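Here is the structure we will look at, set down as structure tokens.
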Protein chains: 2
Amino acid sequence: MKIAILGGTGNEGFGLGFRWAVAGHEIIIGSRLAEKGASAAAEMLAKLPAGTSVSGTDNLSATQQAEVVVLSVPYSAQEKTLETVKEALAGKLLVTVVVPLGEKAARVWRLPSGLSAAEEAQAQIGDSARVVAAFQNISAHHLTDLTHGIDCDVLICGEKGTDKELVAQLCADAGMRGVNAGPLANASVVEGLTAVLIGINIRHKIKNAGIRITGISHQG
Amino acid sequence: MKIAILGGTGNEGFGLGFRWAVAGHEIIIGSRLAEKGASAAAEMLAKLPAGTSVSGTDNLSATQQAEVVVLSVPYSAQEKTLETVKEALAGKLLVTVVVPLGEKAARVWRLPSGLSAAEEAQAQIGDSARVVAAFQNISAHHLTDLTHGIDCDVLICGEKGTDKELVAQLCADAGMRGVNAGPLANASVVEGLTAVLIGINIRHKIKNAGIRITGISHQG
């Protein structure tokens, strides 16, 4: 699958792109500046086995080339980034990884809109593309180290089951279990959970606190 | 410890009280009506080994007798219940188990106040007692069956570390691991997570989806 990662120069987007490239997907790293995207792509290729496909460009070109678009920018850049790519998103799936964090990252932050960042994204881009929220709770720490498993489930929020199944497959391709966590409105909990996990990281002096859903044996 | 459980006639409060009674705590089941509290106490005693201490009465008397007060009522009864016991709570610890759920229990519900139920409780009772949120994500399903372990961590939110340590001990006494999940404001995430888990229960046709925090090896 052709996957654009907007903000793919950051640790989280870079790490996910790395794992998906290994799984055989075609990765297009997007950045505000095409040169930065290209340079991150070169860096990623240097870490990858031969035969993988990674390129880098600006966010708009990346979106135009892709089937699935992953939004992995800081929350403060979300609105501006989406404005740039809005038209090009039509008919594509937008997977948002964005987590809004306040000044104290370990304290759950409520957006002035009362919505989750994912719902704000959906409201901004309108009906032309559907948003699915996922990967908010995954620490970037071990993503580029394939010898490390990721001991964290991915909670997937969105309106359509088929979209969430596609994202669950992307989770599996990156070595993680995706769990359907309900409608997009539930993303407020998943985004907030990141603040809780950051607090646990700080208190335990670790970098990769995560969550597992118990009581279910299979994917879904 | 003398523990009052307001709403201890419900499944969650009853189950927690049962486990704490087994661990040697003195349990006082509170209900709106003293007779209902007494009848739940008789039911609990019938399931317990000899030598345990359980009594039942109305919510106010239960609060007056206890050192720690557990609030385990439906959200719709929270304000009224707290109004009844407000004066008697002075200087005690209030552990709230309350989860606000909307019409669709699997969809995260935002309270009109923009706060969590736990913060609303603290705002209502003021400075005379401190609120800690815990046990929101624990399914009542296996609480009264000691042959079943509870495969779920307890996220504990509150302002003071010593309060949270006391609640972590209550978790351990009930066979669970308590994890410090930050300030009381973070309870909005923990409460919302219950809606996510209810959705997972529905989709997987199970009754006890839970969460585990990964990456930490010990309590806390």
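Quick check on A:A117: is it away from chain B (no Cβ under 13 Å), in contact with a Pro (Cβ under 8 Å, 6 or more places away or on another chain) and modelled with pLDDT of 95 or more?
yes
Here's a check for you: in segment A:196-220, which residue that is within 17 Å of the chain's Cα centre (by Cα) and at the interface with chain B (Cβ under 7 Å from one of its Cβ atoms) is nearest to B:S139 (Cα to Cα)?
The residue in question is A:I211.
Just one of the numbered conditions (1) touching a Lys or Arg at 6+ places or on another chain (Cβ under 8 Å); (2) within 27 Å of A:G175 (Cα to Cα); (3) not in a loop (DSSP other than H, G, I, E, B) is not true of A:A118; which one?
Condition (1) is where A:A118 drops out.
Can you name every residue in segment B:58-86 that is in contact with a helix residue (DSSP H, G or I) (Cβ under 8 Å, 6 or more places away or on another chain) and among the acidic types (D, E)?
Going residue by residue through segment B:58-86, those that are in contact with a helix residue (DSSP H, G or I) (Cβ under 8 Å, 6 or more places away or on another chain) are B:58-64, B:68-73, B:75, B:78-79, B:81-86.
B:D58, B:E79, B:E83, listed by residue number.
Checking A:E103 against (1) at pLDDT below 95; (2) closer than 30 Å to A:L48 by Cα: exactly one of these is not met. Which one?
A:E103 satisfies all of (1) at pLDDT below 95; (2) closer than 30 Å to A:L48 by Cα except (2).
When segment B:1-32 is examined, which residues are found to be surrounded by 24 or more Cβ atoms within 10 Å (Cβ to Cβ), under 16 Å from B:P49 (Cβ atoms) and not hydrophobic (A, V, I, L, M, F, W, C)?
The answer is B:G17, and nothing else.
Hey, which of the strands (runs of 3 or more DSSP E) in segment A:1-105, taking only ones fully inside, have at least 3 residues that are under 16 Å from the mean Cα position of the chain (by Cα) and under 22 Å from A:I156 (Cα atoms)?
A:2-6, A:68-71, A:93-96
Since B:I125 meets every condition but one in (1) within 9 Å of chain A (Cβ to nearest Cβ); (2) of a type outside the set (S, T, Y); (3) under 23 Å from B:A88 (Cα atoms), which condition does it not meet?
Looking at each condition in turn, B:I125 falls short on (1).
Just the residues that are part of a loop (DSSP other than H, G, I, E, B), without any contact (Cβ under 8 Å) to a residue 60 or more places away in the chain, closer than 27 Å to B:R110 by Cβ and within 12 Å of chain B (Cβ to nearest Cβ), please, taken from segment A:133-192.
A:Q136, A:E159, A:A181, A:G182, A:P183
The values are calculated or read from the model by the stated rules, or taken from the named source; none is laboratory data. Keep in mind that this is a model prediction, so the values were computed, not measured. FYI the Cβ positions are ideal-geometry reconstructions off the backbone, even for glycines, and counts take in every protein chain you see.
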